[in-house]
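Trainee: Below is a structure I'd like to ask you about.
The values are calculated or read from the model by the stated rules, or taken from the named source; none is laboratory data. None of the values given here were measured: they were computed from a predicted structure. Virtual Cβ from ideal backbone geometry, glycine too; neighbours counted across all protein chains shown. The area values use the complete protein model at the heavy-atom level, side chains included, leaving out ligands, DNA and RNA. Shrake-Rupley method; radii C 1.70, N 1.55, O 1.52, S 1.80 Å.
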Amino acid sequence: MLKKLLVGLVLIFALAAPTSAASDYYLPYPGALPDHPLYWLKMVRDRIQLLLTTNTLAKAEKLLLYADKRLGAGWALVEGNKQALGMTTLTKAEKYLYQAVALGENSGLKETLKKAVQKHEEVLTIVKDKVSDEFKNSLQEMITRDKNYEAGLGIATEVKTKIDFGDNQVVTATVSASTALEALENASSGVKVKDYDWGKLVEEVTTKKNTPQKAWIYFVNGEAGKVAADKQEVKAGDIVEWRYEKPIY
């Protein structure tokens, strides 16, 4: 009993603590955990409430609440050395999260969803360091999927950026960006662009301007961009290269 109380207190402080990924997003207290004998009543109640909620935005909000509560519950179970049950609960949390994103990403809930996805990724990363090896791969899959949702929601993530000015002048940096253009703008000053119907075209970086002989071309993970740089989304771990070289068109 004392152990459960201590785990609960640790969890309360952990849920309330600000984080680097989403400092103003806090997880709700999960309440009764899945190892409680009456937890099944809570599950039945949640399912009935969800079934009776017909408004799309309201349903997305409810799904997100369920996702956040189960994330906290799964975390508490892992902290309480009930890893298998904790993993099952975390898996359910992520399923609710993905449903919430699918319903709410095109509504006024999008900004909240962005922070929620970041929070889930952060908590899963913490939990991954606490579980045995048999569960690490499953947690990594959840983390990777959350990163993909981050990119889809337009969340800025850290990417490696390389700017090749030619003449052996190369600048490298790790920056926060959600598009190939943002990666360039956050890694270098003096970026000038021109707006077109199809997107933005980089015309100059510092003193290097586009000419018929050389122009700014971007690559993501070695592949030349096929859309305007402001339309090309990037995700954590991507390598974005900008090269001042002979145009390929």
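Trainee: How about LYS208: which lysines have a C-alpha closer than 18 Å to its C-alpha, ignoring those fewer than 8 places off in the same chain?
Mentor: Answer for LYS208, where 18 Å is the Cα cut-off: LYS162, LYS192, LYS194, LYS200, LYS246, listed by chain and number.
Trainee: Continuing with this model, one more query. So which trypsin sites (Lys or Arg not before Pro) in the stretch 194-249 end up in coil per DSSP with only 14 or fewer other C-beta atoms within 10 Å?
Mentor: Values: sites: LYS194, LYS200, LYS208, LYS209, LYS214, LYS226, LYS231, LYS235, ARG243; in loops: LYS214, LYS226, LYS231, LYS235.
Counting only loop positions with at most 14 other Cβ atoms within 10 Å, the trypsin sites (Lys or Arg not before Pro) in the stretch 194-249 are LYS226, LYS231.
Trainee: I'd like the distance separating the alpha-carbon centroids of the stretch 64-90 and the stretch 116-139, in whole Å.
Mentor: Between the Cα centre of the stretch 64-90 and that of the stretch 116-139, the gap is 11 Å.
Trainee: Taking the solvent-accessible surface of protein heavy atoms with a 1.4 Å probe, what is the per residue accessible area of the stretch 59-109 in Å²?
Mentor: Details: 1880 Å² over 51 residues.
On a per-residue basis, 37 Å².
Trainee: May I pose another question? If the cut-off is 15 Å between C-alpha atoms, which aspartates and glutamates fall inside it for LYS115, apart from same-chain ones fewer than 8 positions away?
Mentor: ASP24, GLU61, ASP68, GLU94, GLU105, ASP146, GLU150
Trainee: Step through the residues of the stretch 205-222 one at a time and calculate ³J(HN,Hα) from phi using the Karplus curve (6.51 cos²θ - 1.76 cosθ + 1.60, θ = phi - 60°), rounding each to whole Hz and writing x for Gly and Pro.
Mentor: 10, 6, 9, 8, 9, 5, 9, x, 8, 9, 8, 8, 10, 10, 9, 10, 6, x
Trainee: Okay, next question. Under Stokes-Einstein, with the Kirkwood radius over Cα pairs standing in for Rh, what whole-number D in µm²/s applies to the stretch 88-209 at 25 °C and 0.890 mPa s? Walk me through the intermediate numbers first.
Mentor: On the way: Rh = 17.0 Å.
Once the numbers are plugged in, D ends up at 145 µm²/s.
Trainee: While we're looking at this one, here's another question. Send over the semi-axes of the chain's equivalent ellipsoid, whole angstrom and largest first, taken as the square roots of 5 times the C-alpha gyration tensor eigenvalues.
Mentor: Values: eigenvalues 387, 79, 36 Å².
Semi-axis lengths for the chain are 44, 20, 13 Å.
Trainee: A further question follows. Can you tell me the FRET efficiency between LYS162 and GLU204 if r is taken as the Cβ-Cβ distance and R0 is 22 Å, rounded to the nearest 0.05?
Mentor: Details: r = 18 Å, r/R0 = 0.82.
Plugging the Cβ-Cβ distance into 1/(1 + (r/R0)^6) gives 0.75.
Trainee: To the nearest 500 deg cm²/dmol, what mean residue ellipticity at 222 nm is calculated for the chain from DSSP H runs of n ≥ 4 alone, each contributing -39,500 (n - 2.57), summed and divided by the residues?
Mentor: On the way: 7 runs with 122 residues, N = 249.
Here the helix-only value at 222 nm equals -16500 deg cm²/dmol.
Trainee: In degrees between 0 and 90, to the nearest 10, how far off the longest principal axis of the chain does helix 2-16 point, with axes built from Cα atoms?
Mentor: Roughly 30 degrees between the two axes.
Trainee: For the chain, what % of the accessible area comes from carbon and sulfur atoms, probe 1.4 Å? Could the numbers behind the result be given before it?
Mentor: Working: 7420 of 13630 Å².
Reported share for carbon and sulfur atoms: 54 percent.
Trainee: Any chance you could give the angle, 0 to 90 degrees and rounded to 10, that helix 56-79 forms with the longest Cα principal axis of the chain?
Mentor: The answer is roughly 70 degrees.
Trainee: Which one, PRO28, MET87, LEU38, projects farthest toward the positive side of the charge dipole computed for the chain from Cβ point charges (K/R +1, D/E -1)?
Mentor: Final value for the positive-end residue is LEU38.
Trainee: A follow-up question, please. Of the cross-linked pairs LYS110/LYS130; LYS95/LYS119; LYS59/LYS128, which ones have a Cα-Cα span greater than 20 Å in the structure shown? Don't jump to the answer; show the numbers that get you there.
Mentor: On the way: LYS110/LYS130 31 Å; LYS95/LYS119 15 Å; LYS59/LYS128 30 Å.
Beyond 20 Å: LYS110/LYS130; LYS59/LYS128.
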